[in-house]
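This is the structure I have questions about; it appears just below.
Just so it is clear, none of the values below were taken in a lab; they were calculated from the coordinates. The structure presented is a predicted model; accordingly, all values stated were derived computationally and were not measured. Using ideal geometry, Cβ is built from the backbone for each residue, glycine included, and neighbour counts are taken over all protein chains shown.
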Amino acid sequence: MSVLPFPSFLDDIKEKGLKRAVFDGVNEVVERITAGMNLQDIREALRGEAPSRKPNPRLQPHADGFWLHMRPSYFHKSVTGVYPEFRLGWLSTYFVFFETITGIFLMVFYTPSPEVAYANMLTIMSNVPLGQFMRDLHRLGAEAMVIIVTLHMLRTFLTASYKKPREFTWATGIILIFLTYFLSFSGYLLPWDQLALWAVTIGASMVEAAPPEIVGTNLNLLLRGGPDIGANGLLRFYLLHVLAVPALLFMFTGVHYYKVIIHGHSLPPKEENIGEDTAKRVPLDKRVYFIPDVLTSEIMWIAVTTLILVVLVTWFFHAPLENHADPQVTPLGTTAPWYFLWVQGALKLGDKVLWGIIFPTVLLVFFIIWPYIDTAPSRRWAHRRIQLTVGFVIMSMLVIFSYMGLAEFGVVNSADTTVMYHLTKEPAHNQVGTLRPIPFEELQAGIYTTRQFEALDESEQTTVVNAFNAELEMVNTDGGRAIAEDVLAYLGTSQNLPLSSLEVVPVSSSSRELREVVEGFAHELEINENELHNAWGLIIVTDVQDDLKRIDVVIRWEDVELENGKVVFDEAGEPVLRLDENGNTIPRLNSQHIYIHRDSQYFAAPGA
Amino acid sequence: MATVVSTETQAKVTAAPKERIAPRVEVAAPNRREFLYYIWGASIAMLLGGSGVALIWFALPRFAEGTFGGTFTLDSSRVPVPGAAPTQVPEGRFWVSNVANEGLVVLFGVCTHLGCLPKWVSTNNRFECPCHGSKFELNGKYIEGPAPRSLDRFATTITFADGTSAISDEIGDPIPIEGKIVASVAINTGRRLRRTGKN
């Protein structure tokens, strides 16, 4: 007789005693949650024993549960180890989830607006507990995902796993690799630093080249929200990065994995007869069951991969953050993200439409239809010489193009720009302009020259500087202006630096680091003496406000003949000078300036 | 025994003509219901197509006057005298050059090489790109460096004091002024004119 008017737990207690009733209750709850395995079944699995009851309770969660219905209940023994798949497909999926989780944490502290995005970065890195850790993980995960997904594609190609019936799986994979690259690329812009702005500007300008012009222009407007990247562009890239592209990625991951499961993981080529596909007919003795073996191995992989990432961001990797984005200042040597360097390299071959749009599109379409081109039944390497050759040719081409995409390749900088850049460069890529780390106290207002260090002897330096001053003030006999007047006019008009006179002084011997920098400057001009003929440089330090100095770098040289950025030499091996109609050399001036605040914290790059 | 032989011959006889007969597919004319489905499908496709176009129209940015991408109007005070240093309008990313004997041209201030920003260097009387050293004349013409073409221009309308006006041609050559007095200059930064070469 029931205690209550309906059957209840109290009846169980009455019937079985408290301990037994509680145990049975827990057991039932566990069986419901696991969709079929009770405590005894779980313990048997953990102990490595065969299941003691029939039907096999370890297959039940695959049949009745939501989460495991998308996983096969057993795998072929040959595809559960590291070889031949290297777990690359699994790792790609791991990174999809890893990036989603770390990304959500970052979204909490991020607003997609040019006014606060960079400040948000600084807050995340310095004021949010584990903020920098999360950002580093997200960034490292993104880079790793690009590598892993690419390797996954390479592996599929090498083992010919794209062959019938997996052609469509391969096609969805190509879409996924494209989405992965685009996800990584769209995330580049979000910190709103110089690296972000200019890498994305270069990338997005590809879109603009799409023919015909009306399509390119409008695609560019749709993507960037304007002719160049501003507030609209940042918002659009943010929405693509956190909503649109991840949604597509999840959808295609679903399709891709569904196809993998219905066709089975392709077996190593040597285990099958030619033209045979036995992935779905796994003999009993070759079966590895998901519960517990594959599940255990996957949990281990999650733990180990996460541990590796954590170790890397703790000691070896920090996501870069450069100066605040400035649409008015292009950093020298800007490149696209490394996985798009091949496009940038191809662009150096010529036409923007051909190499920037048509070439990548053709490559993408070629990859998608590749399984329908290579329809030979054999997956053995020996039978696939042509196909493997095609693969290696494409791979080598991409590697060579990537090398060509580097800033150093095929882009000739003028010597004056390069010298100036070494002095004033904003911190980026572990380098900083040599002027920036000079201690604030050493920056005494004054005009210094590289000529000082052309003196053979330290005692003669003052004499050399005085002689230089006289040279500056000397008026040409044919009625021209003194050099000093030219320089002052240039600084006043082009650089907004009104100076009353150009009185050069030697660098004080107490300003040790400033001295070293000016000496290094002199040395660089000497190295480039062919292109910068008779060159000298000035470093002008002026007080702008309390605690704020302005440093101008001026280079003056005599123009030489250049052809494609290279100096033209005469028969005697001397550079050919450009002369005006009177037969005089043509002086050239270039200058750049930076501001240094007392609290500016620039450090010489480690190992520099 | 006899039965077995006869079945075998029968099988041979029936198998042979089977290979020759092409399968006949009968296609019935669509009935009313099927036809209405097609019409309905077509109208859904058109609706979706229309929505797609509307979506693009919705997502295209709009530009107010005086923001980059829209139109800028400069009065005569900001137009340099012929041969003088060009006027920079940073918010519009352009330079206004008045070239003696040629006329007025509005140059897009972004290098045609890799998108850096050339600056006007008075002493050298030319635009110099700080990144890779491309040089351009006052009228935007290529001098030297890695740039593939001369500077791009913006479509410009000059209104003169006498009420007449002049517009840029398709390749953005300088607009001749010929001694007339400029009242105002309207620059459409949404329409960029590209030169094909280094002229």
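With the Cα gyration tensor of segment A:293-431 giving a ≥ b ≥ c as the square roots of its eigenvalues, does the rule (a/c under 1.5 for rounded; else a/b larger than b/c for prolate; else oblate) give rounded, prolate or oblate?
It comes out oblate by the Cα gyration axes.
Moving on. In terms of the Cα gyration tensor, with a ≥ b ≥ c the square roots of its eigenvalues, is segment A:399-549 rounded because a/c is under 1.5, prolate because a/b exceeds b/c, or oblate?
Judged from the Cα gyration tensor, segment A:399-549 comes out prolate (a/c at least 1.5, a/b above b/c).
Fewest Cβ neighbours within 10 Å first, please rank A:341, A:10, A:435 accordingly.
A:10, A:341, A:435
For segment B:130-186, run through the GluC sites (Glu not before Pro) and keep only the ones in DSSP coil with at most 12 other Cβ atoms within 10 Å of their Cβ.
When the GluC sites (Glu not before Pro) of segment B:130-186 are filtered for loop state and at most 12 Cβ neighbours within 10 Å, B:170, B:178 remain.
Give me the three principal axis extents of chain B from the C-alpha atoms, as integers in angstrom, largest value leading.
Dimensions of chain B along the principal axes of its Cα atoms: 116, 43, 27 Å.
Shifting gears a bit: Charges at C-beta only: +1 for Lys and Arg, -1 for Asp and Glu. How large is the resulting dipole of segment A:85-330 about its Cα centre, in Debye rounded to 20? Spell out each step's value before the answer.
Numbers: 15 positive and 19 negative charges, 149 e Å.
In total the dipole reaches around 720 debye.
Ignore the peptide's own chain and count Cβ atoms of other chains within 10 Å of each Cβ in B:108-117; give me the average, rounded.
Taking all residues of B:108-117 together, the mean is 4.
Based on the mean of other Cβ atoms within 10 Å per residue, sort peptides A:250-256, A:391-397 so the most packed one is first.
A:250-256, A:391-397
When only C-alpha pairs under 8 Å and at least 6 residues apart count, what is the relative contact order of chain A, in percent?
11 percent
According to the square roots a ≥ b ≥ c of the eigenvalues of the Cα gyration tensor, what is the shape class of segment A:108-226, taking rounded for a/c under 1.5, prolate for a/b larger than b/c otherwise, and oblate for the remainder?
Note, shape of segment A:108-226 comes out oblate.
Moving on. Could you tell me the largest-minus-smallest coordinate of the C-alpha atoms of the protein assembly as shown on each of the three principal axes, in descending order and whole angstroms?
Principal extents (Cα only, largest first): 128, 73, 66 Å.
I've got another one for you. Can you list the aspartates and glutamates whose alpha carbon sits under 12 Å from that of residue A:163, skipping same-chain ones fewer than 8 residues off?
A:276, A:277, A:374
With a 10 Å Cβ neighbour count serving as the proxy for reagent exposure, in which order, fewest first, do B:189, B:164 appear?
Fewest-to-most ranking of B:189, B:164: B:164, B:189.
Treating cross-link reach as a plain straight distance, find the lysines whose alpha-carbon is under 28 Å from the alpha-carbon of residue A:425, omitting any fewer than eight places away in the same chain.
In chain and number order, the partners are A:348, A:549, A:566, B:119, B:135.
Would you compute, from DSSP H runs of 4+ residues alone, the mean residue ellipticity of the protein assembly as shown at 222 nm, taking -39500 (n - 2.57) per run and dividing by the full residue count, rounded to the nearest 500?
Taken over the protein assembly as shown, the calculation gives -13500 deg cm²/dmol.
Order A:86-95, A:207-216 from most to least packed using the mean count of other Cβ atoms within 10 Å. Don't skip to the end; give the middle numbers.
Working: A:86-95: 18.6, A:207-216: 15.1.
Top of the packing list down: A:86-95, A:207-216.
Hey, another quick one. About its Cα centre, how strong a charge dipole does the protein assembly as shown have in debye, to the nearest 20, once Lys and Arg get +1 and Asp and Glu get -1 at the Cβ?
Numbers: 67 positive and 84 negative charges, 1185 e Å.
Here the size comes out at about 5700 debye.
Students often forget the sequence filter, so: which lysines lie under 21 Å Cα-Cα from residue A:164 once same-chain residues fewer than 8 apart are removed?
A:259, A:270, A:280
Please rank A:54, A:352, fewest neighbouring Cβ atoms within 10 Å first, as an exposure proxy. Could the numbers behind the result be given before it?
Details: A:54 6, A:352 17.
Ascending Cβ contact count within 10 Å gives the list A:54, A:352.
Provide the percentage of antiparallel DSSP beta bridges, counting only those with both residues in chain A; round to the nearest 5.
95 percent
Residues with beta-carbon under 13 Å from that of residue A:554, excluding residue A:554: net charge, scoring Lys, Arg +1 and Asp, Glu -1?
+1
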